[in-house]
Amino acid sequence: MNAKKMVILMTVFLVSFFTVLAQTEKKVDDPLECLKKDLNLTEQQVKLIKPVWEKAAADIKALKSKATMEKPVDKNSIQKIEEDREAQTVNILTPEQKMKYKEMKLKEAEKPKCSQAPAPAPEKLKEADKAKCPQAPAPAPEKKK
């Protein structure tokens with residue numbers, strides 16, 4: 001009887017977990033679809049914007065595919081492609097849509113990104129370095145003045 005209760009409990013837990021996960025998961029497959037919905041784009045605007053975004057995505061992908069360990073992706077080149085895409089997109093929008101688009105971009109810029117995570121404290125960094133390279137000499141103590 002005890003094992004039967006455990007199976008029922010686990011089943012209820014798993015069903016609940018996956019139900020919540022399905023409801024909270026927000027996957028953005030197509031940023032253009034979101035743009036279309038959020039800005040209430042016309043079909044004509046979508047036809048004009050879509051090739052701009054597709055070309056930018058292809059250009060960025062090409063840059064990334066050429067990257068190597070010795071020559072990483074040039075972030076300035078990617079930024080230029082994105083800025084060109086933004087400028088072309090804004091030129092297609094109505095004045096009201098431009099205002100809303102700028103608001104959306106401001107909100108997006110305010111969101112913290114993974115790459116903006118705080119750097120580890122120096123003490124923790126030293127410990128991490130020691131763990132990576134245990135035979136590394138200890139840093140020289142600072143001289144007191």
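The values are calculated or read from the model by the stated rules, or taken from the named source; none is laboratory data. Only a predicted model underlies this, so the values are computations on that prediction, with no experimental measurement involved. In this analysis, Cβ positions are derived from the backbone assuming ideal geometry, glycine residues included, and neighbour counts consider all displayed protein chains.
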Requested in this report: Might you check whether a residue that is loosely packed, with under 12 Cβ neighbours inside 10 Å and among the basic types (Lys, Arg) occurs anywhere in the range 73-83?
Outcome: yes
**Report entry** Single unsatisfied condition, residue 13 versus (1) exposed (fewer than 10 other Cβ atoms within 10 Å of the Cβ); (2) at pLDDT below 85
**Finding:** (1)
Report summary line: In the range 66-89, residues that are among the basic types (Lys, Arg) and either at pLDDT below 85 or over 20 Å from residue 52 (Cβ atoms) (or both) total 3
